[in-house]
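Where a number appears in this text, it was derived from the coordinates with a stated rule and is not lab data. Quick caveat: nothing in here was measured; it's all calculated off a predicted structure. A quick note on method: Cβ atoms are made from the backbone with ideal geometry, for glycine too, and the neighbour counts reach across all protein chains shown.
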Amino acid sequence: MLKEFRTFIAQGNVLDLAVGVIIGAAFGKITTSLVEDIINPILGLVTGGIDFSQLKIVLKEAVGETPEVAIRYGNFLNIVIQFIIVAWVIFLIVKAANRMRVSSSLKKE
């Protein structure tokens, strides 16, 4: 069974998946930094100093030891912006890969 496991791990698909997950995690950190450190300050400047990550609707104020109850929609907006950036970059990568695939198949003909 150990030999089968080694064969399974050594297959290209598993290694490709592992590389993809690691690169995806790193790309996620880059995207988070881009949104939080570059895009949000610009949006805050344009909107008069609003910090999107702090936007919330307070449903119940904090009382003594009881924390406030709030809908923190600003953080949700940050995550939506991150998703749009990631989706756009993936779209551009797939578009470039398809263009290269088409041009290479035309050269073969």
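If a spin label sat at a point 7 angstrom from the Cα of D51 along the line to its beta carbon, the backbone N atoms of the range 75-100 nearer than 20 Å would be those of 75-82. Using only the Cα atoms of the range 2-108, build the gyration tensor, take square roots of its eigenvalues as a ≥ b ≥ c, and label the shape rounded, prolate or oblate: rounded if a/c is under 1.5, else prolate if a/b is larger than b/c, else oblate. It comes out oblate by the Cα gyration axes.
Put simply, the amide H of A70, placed in the peptide plane, has neighbours under 5 Å in L59, leaving out anything fewer than 5 places away on its chain. Sorted on the mean count of surrounding Cβ atoms within 10 Å across their residues, most packed first, peptides 39-45, 14-20 read 39-45, 14-20.
Charged neighbours of L43, selected by a Cβ distance under 15 Å, balance to -3 (K, R count +1; D, E count -1). Looking at the range 1-104, the GluC sites (Glu not before Pro) that sit in a DSSP loop and have at most 11 other Cβ atoms within 10 Å of their own Cβ are E61, E65, E68.
With contributions of -39500 (n - 2.57) from each DSSP H run of at least four residues, the per-residue ellipticity at 222 nm computed over the chain stands at -23000 deg cm²/dmol.
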